[in-house]
Amino acid sequence: MKLLTGQNVELVDGTLPDGAPTCDVLVIKNIEKWLVTQDLEDDEPLVRTILTRLKTLEENCALYIIVTDMGRGVVPMDKQARLLRDTCGRLYQALFAEAEQVVRIWYGIGEQIK
């Protein structure tokens, strides 16, 4: 979606907003910072909760989510880092399945995936 002059854009960094935003466009980035604060042992209900919250937010404004690839094939030795990597992977798969458009940016080059 091309942003139009005069649109109210809100950026949320490292958290999920509570309640309905009062903006035209909501951009959420660094969601993994928020995930670190959650119980990652059983991530299926957590992923469902996040998707439900995001769908509610999307009812009120255009929603853009910027995520960071946590793995790139490397499995961390630390248990919490592994849980975070795995939860991010499952969340990202669910997000990408629901997304209208997915763009991967690697070294500043955008690649349309969906």
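The values are calculated or read from the model by the stated rules, or taken from the named source; none is laboratory data. Every value quoted in this text rests on a predicted model; they were computed, and no experiment measured them. Note: ideal-geometry Cβ built from the backbone for every residue, glycine included; neighbour counts use all protein chains shown. Remember, those area values only see protein heavy atoms, side chains included, never the ligands or the DNA or RNA. Shrake-Rupley method; radii C 1.70, N 1.55, O 1.52, S 1.80 Å.
List the residue pairs whose Cβ atoms are under 8 Å apart, where the first residue sits in the range 41-57 and is farther than 12 Å from residue 91 by Cβ, the second is open to solvent by less than 50 Å² (accessible area, probe 1.4 Å) and part of a helix (DSSP H, G or I), and the two are 6 or more positions apart or on different chains.
Pairs that qualify, where the first residue is farther than 12 Å from residue 91 by Cβ and the partner is open to solvent by less than 50 Å² (accessible area, probe 1.4 Å) and part of a helix (DSSP H, G or I), are 41/83.
Which ones in the range 25-40 are open to solvent by less than 30 Å² (accessible area, probe 1.4 Å), touching a residue at least 40 places away in the same chain (Cβ under 8 Å) and aliphatic (A, V, I, L, M)?
Of all residues in the range 25-40, those open to solvent by less than 30 Å² (accessible area, probe 1.4 Å) come to 25-28, 31-32, 35, 40.
Still in the list and also touching a residue at least 40 places away in the same chain (Cβ under 8 Å): 31-32, 35, 40.
The answer is 31, 35, 40.
Can you pull out every residue in the range 41-59 that is under 17 Å from residue 87 (Cα atoms) and either open to solvent by less than 30 Å² (accessible area, probe 1.4 Å) or outside any helix (DSSP H, G or I) (or both)? Steps first, answer last, please.
Of the range 41-59, the ones under 17 Å from residue 87 (Cα atoms) are 41-54.
Scanning the range 41-59 gives 41, 42, 43, 46, 47, 50, 54.
Just need a number here: residues in the range 8-24 that are among the aliphatic types (A, V, I, L, M), touching a helix residue (DSSP H, G or I) at 6+ places or on another chain (Cβ under 8 Å) and surrounded by fewer than 14 Cβ atoms within 10 Å (Cβ to Cβ). So that I can check it myself, show each step before the final result.
The initial filter retains those residues of the range 8-24 that are among the aliphatic types (A, V, I, L, M), namely 9, 11-12, 16, 20.
Next cut, touching a helix residue (DSSP H, G or I) at 6+ places or on another chain (Cβ under 8 Å) only: 16, 20.
Cutting the leftovers down to surrounded by fewer than 14 Cβ atoms within 10 Å (Cβ to Cβ) gives us 20.
The qualifying residues number 1.
Please identify the pairs in which a residue from the range 76-94 that is among the charged types (D, E, K, R) has its Cβ atom under 8 Å from the Cβ atom of a residue that is in a helix (DSSP H, G or I) and open to solvent by 40 Å² or more (accessible area, probe 1.4 Å), counting only partners at least 6 apart or on another chain.
90/44
Examine the range 6-23 for a residue that is among the hydroxyl-bearing types (Ser, Thr, Tyr), in a loop (DSSP other than H, G, I, E, B), in contact (Cβ under 8 Å) with a residue 12 or more places away in the chain and within 28 Å of residue 82 (Cα to Cα), and state whether such a residue exists. Break it down stepwise before answering.
Going through the range 6-23, the residues among the hydroxyl-bearing types (Ser, Thr, Tyr) turn out to be 15, 22.
Keeping just the survivors that are in a loop (DSSP other than H, G, I, E, B) gives 15, 22.
If we keep only those that are in contact (Cβ under 8 Å) with a residue 12 or more places away in the chain as well, we get 15, 22.
From what's left, within 28 Å of residue 82 (Cα to Cα): 15.
Yes: one or more hits.
Could you check how many residues of the range 28-40 are out of contact with any helix residue (DSSP H, G or I) (no Cβ under 7 Å at 6 or more places or on another chain), within 20 Å of residue 102 (Cβ to Cβ) and assigned to a helix (DSSP H, G or I)?
First, pick out the residues of the range 28-40 that are out of contact with any helix residue (DSSP H, G or I) (no Cβ under 7 Å at 6 or more places or on another chain): 28-31, 33-34, 37, 39.
Still in the running and within 20 Å of residue 102 (Cβ to Cβ): 28-31.
After this cut, where a residue has to be assigned to a helix (DSSP H, G or I) as well, the list is 31.
Result for the range 28-40: 1.
I'd like the full set of residues that are open to solvent by 90 Å² or more (accessible area, probe 1.4 Å), farther than 17 Å from residue 32 by Cβ and in a helix (DSSP H, G or I), limited to the range 64-114.
Correct list: 98 only.
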